[in-house]
Structures are given as C-alpha cells and as structure tokens.
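The values are calculated or read from the model by the stated rules, or taken from the named source; none is laboratory data. A quick note: this is a predicted structure, and the numbers were derived from the prediction, not measured. Reconstructed Cβ throughout: ideal geometry from the backbone, glycine too, with neighbour counts over all protein chains shown.
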Amino acid sequence: MLISGLQIQTDLSKQERVWLSTGIEKLKTLDDEVCDENVFAPKEPWYLPSVKEEEIIFYRGTTLSTEYQTIGLIRLPENLIEEIEKLSLKRFEKVQEVNDFLLISRKWKKIENELLKFSSKYQIVKEQQKGGGVCCQLNGYKILTINPITGKHLGLHIDSWEKYPLSKLSVARNRICFNIGYQPRYLLFINQEINDLLKFISTDNNRLYGDDEKYKIMQDFILKNSNYSVLKMKVNPYEAYIAPTENIIHDGANDGVNGLDIHVSYRSYYRTFINNS
C-alpha cells in the first residue's frame, strides 16, 4: 500500500532509483542478534514501482516546490568529485583506517569546507550548518542506525536532534547527507509526515497524542498499517539526499554491496534546489 504524500524532487535519473517494500515487519533478531523491543524494518522482497506508484513517488511538476519538508536528491559538482576521488578512500578495508586518515588529512579538511559551501547554496536560512563529521560503516546491513544506549540496531525511527514537540515537527531542520564513498547507499522512509500518520490510525474515543508521543504514533501507525510500503531510494557515490528526518519515519541501508559506507551529514533548512535569492 502506498498513499500520496511527500514526493522525491530530483533532476537525476529515476531509472531503478526507488524500490518499495511489501510492508513493515517487527524484528526479533537481526544477524543472529536479539533485537530490542519494537524494532521495525521494511518487509522484503523489494519491488520496482508501477507507473501509477511512480506518479505518487516522484514530483513531476514544472515549478520547483519551495517547501523544505520534502525529499531531494542531488549530485556534487565534478570539481568536488575529483577532489574526493584523489583521497583514494577505496584503498581502505577497515573503518578505523578511514577515520584515522581523514582525521589528519589536510586535503579532507579542504574538501569538508567545500562541502559546507556547496550545501549552503541549498539553505533557506543562512545559518551555521549543524552536525558534520564523517560516518564510516561496514556495508551489508538492511537497517543501519545504532541505538547509542543499547548498541543494537534501532530500525525505522524518527530523529530527535532538534527536540521539537509533535506540534512543531514541520518546522524542524532537515538533513543533507552526502555519499562520499564508492558504493551506493540507501535512504529508507515512509512518505508521510508524522502528523499525517494520524489519518491512518483509528483513534478510539478520539484519543489525542501528547507532544512527546511521536514514537507512539509511529508504533500505532506501523501496527495498524503493516502493509504500508517503505521506500528505498538509492543514493549513488557523490550524490546526496535532502530529507526531513525529524518529521518522517526513516533509516538507512547499505545492503547488497561490499566495502565501506562513507557519508557526511549536516542539518539546516534546505530546499531541494539551489537557492539563488
């Protein structure tokens, strides 16, 4: 099941760009590891969308949307790609080797400044971008994010960097995430804003959710709509996604490839196209 909601806005190729899951499942184990309670993941197998589903997934309007609570997919300029390739990150086999190299690399410091300069072109508000730093992980995982408290996979989740209450999630900063590695990675997401999930939930006795209950909404939505499709959007090397990760159910994935997954994220108010104003 897939209902109209947030759409992907991009000028990049849409061919074999997005897959749909056959639903959502609750995991008890992952890679022989017992999961925490309420860990949810896309239910396989994945399939390519139909023509009708593509109309729901991709924005095809002639006028670019100025809304920043949407999904974008962009590519780095060629000169910056060339500089990243000169780092030869493919030669490393271990996560720690990448981390140690980038920590002392002057070339990387220069590239990082250029990434910030490039991403600032998409900002609606000219503020200092938050976050940063390289995240390097092993490939081969169908869900990526780790619970910092338990050290186990978190599964589909909602970010909480901004600490906004439920009533103000639509004004939270969004995220731009650059794939600077040499393998594809994926953004997994439900194409509905958190408050829009309420229309999918039968609220007994007109139950109202408190400002701190976005995870309760997520769980209720999944348990009552386990056949809803998760989108799996491919982010190729030197591409970046822009997404409101404080306001959608999401996770990352890097399954199906070998090597290392290397990416950099920032948070601000980003449009999905360069802001020339």
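Quick check on region 218-237. Is at least one of its residues under 30 Å from Glu85 (Cβ atoms), touching a Lys or Arg at 6+ places or on another chain (Cβ under 6 Å), of a type outside the set (A, V, I, L, M, F, W, C) and at pLDDT 95 or above?
Here is the first cut: in region 218-237, the residues under 30 Å from Glu85 (Cβ atoms) are 231-237.
So of that shortlist, the ones also touching a Lys or Arg at 6+ places or on another chain (Cβ under 6 Å) come out as 234-235.
Then keep just the ones that are of a type outside the set (A, V, I, L, M, F, W, C); that gives 234.
If we keep only those that are at pLDDT 95 or above as well, we get 234.
Yes, because at least one residue in region 218-237 is under 30 Å from Glu85 (Cβ atoms), touching a Lys or Arg at 6+ places or on another chain (Cβ under 6 Å), of a type outside the set (A, V, I, L, M, F, W, C) and at pLDDT 95 or above.
If you filter region 225-242 down to residues that are more than 19 Å from Ser21 (Cα to Cα) and hydrophobic (A, V, I, L, M, F, W, C), you find that the one that is farthest from the chain's Cα centre (by Cα) is Ala240.
State all residues of region 122-150 that are within 20 Å of the chain's Cα centre (by Cα) and part of a loop (DSSP other than H, G, I, E, B); if no residue qualifies, say none.
We begin by selecting, within region 122-150, every residue within 20 Å of the chain's Cα centre (by Cα); these are 122-124, 129-148.
Correct list: Tyr122, Ile124, Gln129, Asn139, Gly140, Tyr141, Lys142, Ile143, Leu144, Thr145, Asn147, Pro148.
Within 30 Å of Lys216 (Cβ to Cβ), within 19 Å of the chain's Cα centre (by Cα) and either loosely packed, with under 11 Cβ neighbours inside 10 Å or hydrophobic (A, V, I, L, M, F, W, C) (or both): does that describe Ile74? Answer is no for this residue.
Return yes or no: is Phe101 without any contact (Cβ under 8 Å) to a residue 60 or more places away in the chain, within 21 Å of Leu12 (Cβ to Cβ) and surrounded by 10 or more Cβ atoms within 10 Å (Cβ to Cβ)?
On the way: without any contact (Cβ under 8 Å) to a residue 60 or more places away in the chain: yes; within 21 Å of Leu12 (Cβ to Cβ): no; surrounded by 10 or more Cβ atoms within 10 Å (Cβ to Cβ): yes.
Spelling it out, it is not the case that Phe101 is without any contact (Cβ under 8 Å) to a residue 60 or more places away in the chain, within 21 Å of Leu12 (Cβ to Cβ) and surrounded by 10 or more Cβ atoms within 10 Å (Cβ to Cβ).
Per-residue answers, yes or no, for (1) touching a Gly at 6+ places or on another chain (Cβ under 9 Å); (2) modelled with pLDDT of 95 or more; (3) within 28 Å of Ile249 (Cα to Cα):
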{"residue": "Tyr47", "(1), (2), (3)": "no, yes, yes"}
{"residue": "Thr70", "(1), (2), (3)": "no, no, yes"}
{"residue": "Arg75", "(1), (2), (3)": "no, yes, yes"}
{"residue": "Ser88", "(1), (2), (3)": "no, no, no"}
{"residue": "Lys94", "(1), (2), (3)": "no, no, no"}
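Give Lys28, Lys43 a once-over and let me know the one that is exposed (fewer than 15 other Cβ atoms within 10 Å of the Cβ) and of a type outside the set (S, T, N, Q). Steps first, please.
Working: Lys43 fails: exposed (fewer than 15 other Cβ atoms within 10 Å of the Cβ).
Lys28 is the lone residue from the list that is exposed (fewer than 15 other Cβ atoms within 10 Å of the Cβ) and of a type outside the set (S, T, N, Q).
Candidates in region 238-277 are the residues that are part of a loop (DSSP other than H, G, I, E, B) and aromatic (Phe, Trp, Tyr); of these, the one that is farthest from Glu193 (Cα to Cα) is Tyr238.
Scanning region 167-184 for residues that are surrounded by 18 or more Cβ atoms within 10 Å (Cβ to Cβ) and farther than 28 Å from Lys90 by Cα gives Leu169, Ala172, Arg173, Asn174. Residues in region 21-80 that are over 27 Å from Pro237 (Cα atoms), part of a strand (DSSP E or B) and not hydrophobic (A, V, I, L, M, F, W, C): Glu25, Lys26, Thr29, Glu33.
Suppose we filter Ile149, Ile143, Ile111 for residues that are surrounded by 12 or more Cβ atoms within 10 Å (Cβ to Cβ), under 25 Å from Leu188 (Cβ atoms) and among the hydrophobic types (A, V, I, L, M, F, W, C); which single one remains? So that I can check it myself, show each step before the final result.
Values: Ile149 fails: surrounded by 12 or more Cβ atoms within 10 Å (Cβ to Cβ); Ile111 fails: under 25 Å from Leu188 (Cβ atoms).
That would be Ile143, the only listed residue that is surrounded by 12 or more Cβ atoms within 10 Å (Cβ to Cβ), under 25 Å from Leu188 (Cβ atoms) and among the hydrophobic types (A, V, I, L, M, F, W, C).
Annotation: of all residues in region 146-161 being free of Cβ contacts under 8 Å to residues at least 12 places away in the same chain and of a type in the set (A, V, I, L, M), the one that is farthest from Ile248 (Cα to Cα) is Ile149.
On the given criteria, is Met233 out of contact with any helix residue (DSSP H, G or I) (no Cβ under 6 Å at 6 or more places or on another chain), among the aliphatic types (A, V, I, L, M) and within 27 Å of Gly61 (Cα to Cα)?
On the way: out of contact with any helix residue (DSSP H, G or I) (no Cβ under 6 Å at 6 or more places or on another chain): yes; among the aliphatic types (A, V, I, L, M): yes; within 27 Å of Gly61 (Cα to Cα): yes.
When the stated conditions are applied, Met233 passes them.
Could you tell me whether region 215-224 includes any residue that is assigned to a loop (DSSP other than H, G, I, E, B) and either over 16 Å from the mean Cα position of the chain (by Cα) or in contact (Cβ under 8 Å) with a residue 12 or more places away in the chain (or both)? Scanning region 215-224 turns up no residue that is assigned to a loop (DSSP other than H, G, I, E, B) and either over 16 Å from the mean Cα position of the chain (by Cα) or in contact (Cβ under 8 Å) with a residue 12 or more places away in the chain (or both). In this structure, Lys163 does not satisfy being basic (Lys, Arg), modelled with pLDDT of 90 or more and either in contact with a strand residue (DSSP E or B) (Cβ under 6 Å, 6 or more places away or on another chain) or surrounded by fewer than 20 Cβ atoms within 10 Å (Cβ to Cβ) (or both). Within region 177-214, the set of residues being touching a helix residue (DSSP H, G or I) at 6+ places or on another chain (Cβ under 9 Å), closer than 15 Å to Asp159 by Cα and either among the hydrophobic types (A, V, I, L, M, F, W, C) or not in a loop (DSSP other than H, G, I, E, B) (or both) comprises Ile190, Ile194, Asn195, Lys214.
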